[in-house]
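What follows is a structure written as structure tokens; I'll ask about it next.
The values are calculated or read from the model by the stated rules, or taken from the named source; none is laboratory data. Since this is a predicted model, take the numbers as computed values, not measurements. When we count neighbours, we look across all protein chains shown, and the Cβ atoms used for this are built from the backbone with ideal geometry, even at glycine. What goes into the accessible areas is simple: the full protein's heavy atoms, side chains included, and nothing from ligands, DNA or RNA. Shrake-Rupley method; radii C 1.70, N 1.55, O 1.52, S 1.80 Å.
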Amino acid sequence: MTLALHVPQELSARVPAEQRGPGLDRDAVRLLVSRGTEVSHHAFPELPRLLRAGDLLVVNTSPTLAAAVDARIGHARVVVHFSTRGDDGRWAVELREPDGRGTTRARAGGPAGTEVRLPEGVRLTLEEPLSARGERLWWARVAGAGVPGLLREYGRPIRYAYTERDQPLSAYQTVFALPQPGGAGSAEMPSAARPFTARLVAELVSRGVQFAPITLHTGVASAEAHEPPYPERFAVPEASARLINAVKAGDGRVVAVGTTAVRAVESAAGADGVVRAREGWTDLVVTPERGVRVVDGLLTGLHEPEASHLLMLRAVAGTAAVERGYEEAVRGLYLWHEFGDVHLLLPAEAGAEVPHAEHCFSNCR
């Protein structure tokens, strides 16, 4: 799905919310709420009043890696984005050209056998394209050091030109991030959860909203090529599966925090709609044709009109709701990308009263 919508460059969030003014925290962003085609505008701290006791938020515990490392091919400077670690020890990587504004220019990889020199004498050798759909991402073998240690010592978070400057890795971690075995994590932040604070989580719990942790390690984004998602490693633990099934059997709603949470939960759901503990790789692409078996709602960032993520939004909420919501987001000057505002898509409820909206049009900038 491609939205017939123009998102002006000035709607890109250039810095994290807490850097936009004194006294602000991560939750100082706006929240667009879609119930079917009914739209309302809120501040993110209103989320506890927009959910109900018995609702369940599915959250991704994957930490963000410092996945961008400066390197050289011959005498040419490049930046390597480490995306995903394969079962055979290789890494899926993307090569980019530094331009001083974030590493925004994708560079075609290859040919096979190309050697990339990393810090401390580490060598990376491109072996084969990740898929037949293009040569942007390559499987590569690294010799000379472990990648997790290399990233800790020399890496920085991946960023793009719409942001104002580099940020510390802490700016890209969510409150739900947990250390993972072997230093695993996400190449890019599972950003839908970024506005949550410990204070807000405590308020949600006090109001009877539950949390189910899952893990999905995200690869690099594919804004240039508009490609469907690549396979990613995920895990849905037994306790979370039981909790999701219990909520589905009752009156609560299962609301995924981010498209990563949708992909993980739907990958663990059988045709009968029952979620079972599962871990491994998922190549599931959630589309309107496939539909969703478990997720009732979705809290997510605002995606580019050409992004494949919009297929998932349509599967959860329907085409009319997505189109209406995005029109309102542009009209209301919402901010896009990982430091931007968020969108809560819930099922339409006949006769339901929308809580009073405390509009956040000034102090959330």
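Are there GluC sites (Glu not before Pro) in region 122-201 that DSSP puts in a loop and that have at most 16 other Cβ atoms within 10 Å, and which ones?
GLU164
Can you put THR125, THR61 in order of accessible area, largest first, using a 1.4 Å probe?
Reading off the accessible areas and sorting them downward yields THR125, THR61.
What share of Cα pairs, in percent, lie more than 17 angstrom apart in region 107-173?
Distances greater than 17 Å cover 56 percent of the Cα pairs.
Also: Using only the heavy atoms of the protein chains and a 1.4 Å probe, how would GLU46, GLU327 rank by accessible area, largest first?
GLU327, GLU46
If packing is taken as the mean number of other Cβ atoms within 10 Å per residue, what is the order of 245-254, 193-202, highest first?
Descending mean neighbour count gives 193-202, 245-254.
Determine the relative contact order of the chain: mean sequence separation of Cα pairs under 8 Å and six or more apart, normalised by residue count, in whole percent.
27
Whole-Hz Karplus ³J(HN,Hα) for region 136-148, in order, using 6.51 cos²θ - 1.76 cosθ + 1.60 and θ = phi - 60°, x for Gly and Pro?
6, 10, 10, 7, 9, 10, 10, 10, x, 5, x, 5, x
Here's a follow-up. Can you give the % of DSSP beta bridges in the chain that are antiparallel, to the nearest 5?
75
Starting from the Cα of GLU120, move 7 Å in the Cα-to-Cβ direction to define the label point; list residues of region 29-66 whose amide nitrogen is under 18 Å from there.
65-66
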